[in-house]
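**Student:** Structure below; questions to follow.
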Amino acid sequence: MASIQTPLRDSHAATQHYIREAMRAPLLTREREHELAVRWADEKDEAALHELVSAHARLVVSHATQYRGYGLAVSDLLQEGYLGLMQAAARFDAHREVRFSTYAVWWIRAAIQDFVLRNWSMVRLGTTTQEKSLFFNLRRLRAKIAGMDHEATESDAREEIARQLKVQLRQVESMESRLSGPDQSANAPLGEEGASEWQDLLIDDGPSPEDLVQRSNDSSVRARWLKAALTELPAREQHIIRERHLKEEGTTLAELGEELGISKERVRQIEHRALKMLKTRVLSHSDSPTVEAGA
């Protein structure tokens, strides 16, 4: 029997050769299929595996060609389907009363669908079973509804699709929007001359990298000024400022008054005076090139 290999990537001739060989492979009787599956499962007979897989490669061709409308190379779809077929062979329980072809179809379809979802868009699609069903059935159901009821509105069609697929209406609307066109590079040229790109139209209201670096540097410098100025205050003033303003949950005036043995009004007065002193010292440090240089 001629060997059936997976098609070479982006090779039309290799893809056509794979398809011809797959469709020429003889079908297996139920008894022969069972015999091959048992030999592979129990004895790891590679010749049996090869014959079993080759006989079912036509399933890969059948399913891969159904997904050509998603803009992906047929050779890639065939390769993914073949991997699904190999997974089915590796996991098939030969001792159950199930035809290998019935079991393999699910693995082939799943492999191809996962490949389409991964590569159709850079934005991840179909993360749930409902979304996958919506992705692969939306266009078919829309065409079916349009053919059955020519007077159906867009809203009616969406509601019917949501009902049939058991999804929410907003999910249908969202998927329609995402399927309305493929991804487009932000570097794609605008117009025939191509002097501008699509990204030139994108507005970024956030700070530029230069602004972020400058803000970080400014914050670091101010922190150094504050630290230096704080150490110049008397110990009691330092303590009050730290407790009132530098802790995640500031201490109350009453608590500090009790701790220091003074009234809370007196604590407030000391705090007010300390803040004025701190401000004066911070401003003096801002004029000092020695401190700003990292002293």
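Every read-out reported here was derived from the displayed coordinates using simple, explicitly stated rules and does not represent laboratory data. Remember, it's a predicted structure, so these values are computed and weren't measured experimentally. Note: ideal-geometry Cβ built from the backbone for every residue, glycine included; neighbour counts use all protein chains shown.
**Student:** Per-residue counts of other Cβ atoms within 10 Å, averaged by peptide: what ranking do you get for 241-249, 260-268, highest first? Write down the numbers at each step before the final one.
**Tutor:** Numbers: 241-249: 12.2, 260-268: 14.2.
Listed from highest to lowest mean packing, they are 260-268, 241-249.
**Student:** Could you tell me which trypsin sites (Lys or Arg not before Pro) in segment 28-123 are loop residues by DSSP with no more than 11 other beta carbons within 10 angstrom of their beta carbon?
**Tutor:** Working: sites: Arg30, Arg32, Arg39, Lys44, Arg58, Arg68, Arg91, Arg96, Arg99, Arg109, Arg118; in loops: Lys44, Arg96, Arg99.
Here the trypsin sites (Lys or Arg not before Pro) that fit, given the DSSP loop and packing criteria, are Lys44, Arg96.
**Student:** With the alpha-carbon atoms as the only input, what is the per residue convex hull volume for segment 12-119 in Å³?
**Tutor:** Details: hull volume 9.8 nm³, N = 108.
Spread over its residues, the Cα hull of segment 12-119 gives 91 Å³ apiece.
**Student:** Could you give the Stokes-Einstein D for segment 209-292 in µm² per second, using the C-alpha Kirkwood radius, 37 °C, 0.692 mPa s? Walk me through the intermediate numbers first.
**Tutor:** Values: Rh = 14.1 Å.
The calculation lands on 233 µm²/s.
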